[in-house]
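Please read the structure below before turning to the comments.
The values are calculated or read from the model by the stated rules, or taken from the named source; none is laboratory data. Since the structure is predicted, the reported quantities are computational estimates derived from the model, not experimental observations. Quick reminder, even Gly has a Cβ in these numbers, built from the backbone with ideal geometry, and neighbours come from all protein chains shown. For accessibility, only protein heavy atoms count, side chains too; no ligands or nucleic acids. Shrake-Rupley method; radii C 1.70, N 1.55, O 1.52, S 1.80 Å.
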Amino acid sequence: MSVALIIPDRKLDGVIAALQQQLPEVAIEVWPQLQNPAAVDFAVLWKQPPGVVAALPNLKALQSFGAGVDSILSDSTLPPDLPLARIVDPHLTASMLQYLDTVLNYYRLRFDEFSANQQQQLWKPRSPRRIQQICVLGLGELGAAAAQHFAALGYQVSGWSGSQRQISGVQCFAGPNQFSAAVAQADMLICLLPLTPATENLLNKTRLAQLKPGSILVNVARGAIVDDEALLAALHSGQIAAACLDVFRTEPLPAEHPFWHTPGMLLTPHISAVTNADTAVAQIAENYRRVQAGLPMVNQVDRTRGY
Ligand code: GLV
């Protein structure tokens, strides 16, 4: 019995030490140097190369190292029946809310304009932007927290999700037919949807045209939910006044990508909610023990739904 960490391109020393402390009796293996693939019965994954999981013959369960599972499920060779859990972490939620508060105030106080003016030594005072209505796309763990947070701060908040949700203080919409009603009045649109076949390229030309003209788009979910070309066109035409993106179709964002140089774009390198190693390790260890005891894991995802 061993745990395999299949998490390329990440320094894992701290995670390994903390996990070993929680599971002293268990061997922890780190891909690609797996000593005994047949002994691995629990794998912790983040953007694993396709085929690596399928090559482990005795797995009992899979654990995402993050909140999302889209990069794990995109591996078509993933054994279909293995249960998969994700990290649900109050620190992740707090970090996301802090990011969103900062972005909201950045635009409210027009730091985007002042920063552009600074390049030309322009002194142009202006009063704050009116941002009163916020629409949150995706009302899962993070989306619901964001919607409630902004509603509690006094913003008018609408929320849109795949299936109907009820959140007090938030006007909830669901399904493709209610998309335009959900977004129509929003000064700021915050995307916190999971990436699934149903949400890939959801924010395309047609849907971006349904936003309130001059609104601001914030994407902290997954890059592939937004059609890049359509977003560039919407910014160019002024349909969208600004876009703040923390996530991209390809990460790191390729050097030649036009987003780097598009006026009205604020880019951050996928830092809005980074997995906290301590919380993640505690959940990984708990799920490992539950699997050994024949119990269902905590925060298990529905693999057919994709979240
Ligand atoms: C980050 O994007 C995560 O899914 O944890």
Point to revise | Criterion: over 25 Å from residue 47 (Cα atoms), among the hydrophobic types (A, V, I, L, M, F, W, C) and not in a helix (DSSP H, G or I) - qualifying residue of 122, 139 | key: 122
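Filter the range 84-119 for residues that are assigned to a loop (DSSP other than H, G, I, E, B) and touching a helix residue (DSSP H, G or I) at 6+ places or on another chain (Cβ under 8 Å) and give the result. Please lay out each step first, then the result.
Narrowing the range 84-119 to residues assigned to a loop (DSSP other than H, G, I, E, B): 86-89, 109-110.
87, 88, 89, listed by residue number.
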Check your understanding: From the set of residues in the range 33-50 that are without any contact (Cβ under 8 Å) to a residue 24 or more places away in the chain and assigned to a loop (DSSP other than H, G, I, E, B), which is farthest from the ligand (Cβ to nearest atom)?
Key -> 35
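Restricting to the range 84-96, and then to whatever is open to solvent by 40 Å² or more (accessible area, probe 1.4 Å) and in contact (Cβ under 8 Å) with a residue 60 or more places away in the chain, can you tell me which residue is nearest to residue 278 (Cα to Cα)? First the steps, then the outcome.
We begin by selecting, within the range 84-96, every residue open to solvent by 40 Å² or more (accessible area, probe 1.4 Å); these are 86, 90-91, 94.
From the residues that got through so far, the ones that are in contact (Cβ under 8 Å) with a residue 60 or more places away in the chain too are 86, 90-91.
Numbers: 86: 15, 90: 12, 91: 10 Å.
For the range 84-96, the residue satisfying everything is 91.
Given the residues 89, 75, which is the only one that is within 28 Å of the chain's Cα centre (by Cα), among the charged types (D, E, K, R) and within 13 Å of the ligand (Cβ to nearest atom)? If you could, list the steps in order and put the result at the bottom.
Working: 75 fails: within 13 Å of the ligand (Cβ to nearest atom).
Of the residues listed, the single one that is within 28 Å of the chain's Cα centre (by Cα), among the charged types (D, E, K, R) and within 13 Å of the ligand (Cβ to nearest atom) is 89.
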Review point. List, please: which pairs have Cβ atoms under 7 Å, are six or more places apart or on different chains, and start with a residue in the range 274-293 that is more than 11 Å from residue 92 (Cβ to Cβ) and end with one that is within 16 Å of the ligand (Cβ to nearest atom) and part of a helix (DSSP H, G or I)?
Key: 277/15; 281/15
**Study point:** Residue count for the range 236-293, restricted to those that are open to solvent by 70 Å² or more (accessible area, probe 1.4 Å), of a type outside the set (Val, Ile, Thr) and closer than 18 Å to residue 69 by Cβ
**Key:** 2
**Study point:** Output for the range 10-32, where each listed residue is of a type in the set (Asp, Glu) and in contact (Cβ under 8 Å) with a residue 12 or more places away in the chain
**Key:** 29
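Rundown of residues vs (1) touching a Pro at 6+ places or on another chain (Cβ under 9 Å); (2) of a type outside the set (Gly, Ala, Ser); (3) surrounded by fewer than 20 Cβ atoms within 10 Å (Cβ to Cβ), yes/no style:
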position	(1), (2), (3)
44	no, yes, no
49	yes, yes, yes
72	no, yes, no
81	no, yes, yes
108	yes, yes, yes
133	no, yes, no
138	yes, no, no
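Taking the criterion of being within 16 Å of the ligand (Cβ to nearest atom) and open to solvent by less than 30 Å² (accessible area, probe 1.4 Å), would at least one residue in the range 51-63 satisfy it?
Applying the first criterion (within 16 Å of the ligand (Cβ to nearest atom)) to the range 51-63 yields 62-63.
Within this subset, residues satisfying the condition of being open to solvent by less than 30 Å² (accessible area, probe 1.4 Å) are 62-63.
Checked against the condition, which is being within 16 Å of the ligand (Cβ to nearest atom) and open to solvent by less than 30 Å² (accessible area, probe 1.4 Å), the range 51-63 yields at least one hit.
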Review point. Out of all the residues in the range 141-157, is one or more modelled with pLDDT of 95 or more and closer than 18 Å to residue 210 by Cα?
Key: yes
Exercise for review: Please specify each residue of the range 276-297 satisfying the condition of being farther than 16 Å from residue 96 by Cβ, β-branched (Val, Ile, Thr) and within 16 Å of the ligand (Cβ to nearest atom).
Suggested key: 281, 284
